[in-house]
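Before any comments, here is the structure.
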Ligand code: AKB
């Protein structure tokens, strides 16, 4: 191992000889392409394989290895891991909160049966396994302000139930079979060049696109709905940092991570500082509102900060300036 020259990382990187070989499932969602880019810079282009069941756009296909992989097909998954000598598995395939409620059987298959395949393959081949969890793994009976790592978890969505299941199964496999399972509970993630699909926190991405395209945004949550949020660069960096954290630094296997909390009203006001002509209206979606009302308002991530040095870089003003600068560079 060698000490990294990239100052934004707190841990170590790998030399060419002992680099991990990484497979990312659900690679064409909001986070996979960005994570692959980051990991390819550290471990080399050909050591990070993106996978999905959809056809990738040309720029993704040509930027590094891409492979078809269906997590519900155990043999296909196993073949990919064996043939490519995979050592790290990053499991991003999942149906998110709102879309999961619209198709519970599919969410159950992908989020629960798919996870079982991933766990078995990871345990059988001695892989380091990262599975993201979420603020959605908490529910109305959890403390919401703030929400600590360890507390009551009785979510009321299939997404939340599947993520508590993933946390518990991953930890069980860790203690029972020695699986190197690592899990972060992500807040709502905000990104400019990739779209989330079917989440409750998606409004916080859509507002930027609508503000620039039409100058009008209709929010599907009430103005004072406060939720934990994070800019994508912080989220991807946290993921790499926990994956590289020395085993002895991890006192737990599932950590909350956070950067900021805001409501639609507060986000709109911050955007209006740059685009005063933006009009915001509210047309509440009952399903999404009920979900958001059962989720944490503030997320306590002190254990991540203490154990492996987690530190966010983007707060609300920084997030808004970065998103607007990215989507519409001439305006700023
Ligand atoms: C969702 O809204 O479902 C996701 C999440 C917070 O896990 N973005």
Taking only pairs six or more apart or across chains, which ones have beta-carbon atoms under 9 Å, a first residue in the range 18-38 that is without any contact (Cβ under 8 Å) to a residue 60 or more places away in the chain, and a second residue that is part of a helix (DSSP H, G or I) and crowded, with 22+ Cβ neighbours inside 10 Å?
19/47
Residue that is under 24 Å from residue 128 (Cβ atoms) and in a loop (DSSP other than H, G, I, E, B), where the choices are 252, 297:
252
For the range 308-321, what are the residues that are assigned to a helix (DSSP H, G or I) and closer than 17 Å to residue 261 by Cα?
316, 317, 318, 319, 320, 321
I'm trying to understand the selection: among the residues of the range 263-273, which are crowded, with 21+ Cβ neighbours inside 10 Å and under 30 Å from residue 306 (Cα atoms)?
267
Residue match in the range 100-117 (condition: touching a strand residue (DSSP E or B) at 6+ places or on another chain (Cβ under 9 Å) and more than 16 Å from the ligand (Cβ to nearest atom))
yes
Condition check for residue 276: more than 14 Å from the ligand (Cβ to nearest atom), closer than 27 Å to residue 155 by Cβ and surrounded by fewer than 17 Cβ atoms within 10 Å (Cβ to Cβ):
no
Matching residues in the range 295-311 (within 16 Å of the ligand (Cβ to nearest atom) and buried (at least 20 other Cβ atoms within 10 Å of the Cβ)) number 4
Among the candidates 277, 330, residue that is farther than 30 Å from residue 255 by Cβ and assigned to a loop (DSSP other than H, G, I, E, B)
277
Determine which member of the set 230, 260 is within 13 Å of the ligand (Cβ to nearest atom) and either surrounded by fewer than 20 Cβ atoms within 10 Å (Cβ to Cβ) or under 24 Å from residue 159 (Cβ atoms) (or both).
230
Test: residue 225 is assigned to a loop (DSSP other than H, G, I, E, B) and either under 19 Å from the mean Cα position of the chain (by Cα) or under 30 Å from residue 19 (Cα atoms) (or both)
no
Can you find even one residue in the range 88-98 that is over 19 Å from residue 239 (Cβ atoms), within 16 Å of the ligand (Cβ to nearest atom), out of contact with any strand residue (DSSP E or B) (no Cβ under 9 Å at 6 or more places or on another chain) and in a helix (DSSP H, G or I)?
yes
Looking at the range 153-177, which of the residues that are more than 16 Å from the ligand (Cβ to nearest atom) and in contact (Cβ under 8 Å) with a residue 12 or more places away in the chain is nearest to residue 98 (Cα to Cα)?
154
Selection within the range 129-148 - under 17 Å from the mean Cα position of the chain (by Cα) and either under 16 Å from residue 182 (Cβ atoms) or more than 14 Å from the ligand (Cβ to nearest atom) (or both):
129, 130, 131, 132, 133, 134, 137
Which is under 30 Å from residue 27 (Cβ atoms), away from the ligand (no atom under 16 Å from the Cβ) and touching a helix residue (DSSP H, G or I) at 6+ places or on another chain (Cβ under 7 Å), of 241, 270?
241
Is at least one residue of the range 316-325 away from the ligand (no atom under 16 Å from the Cβ), closer than 25 Å to residue 255 by Cα and surrounded by 14 or more Cβ atoms within 10 Å (Cβ to Cβ)?
yes
Select from the range 190-226 the residues that are within 14 Å of the ligand (Cβ to nearest atom) and closer than 16 Å to residue 317 by Cα and list them in ascending order.
190, 191, 204, 205
Say we look at the range 170-191 and pick out the residues that are in a helix (DSSP H, G or I) and touching a helix residue (DSSP H, G or I) at 6+ places or on another chain (Cβ under 6 Å); which of these is farthest from residue 130 (Cα to Cα)?
177
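No value in this document is a laboratory result; all are computed from the given coordinates. Just so you know, these numbers come straight off a predicted model, no measurement behind them. Glycine gets a Cβ as well: all are built from the backbone with ideal geometry, and neighbour counts include every protein chain shown.
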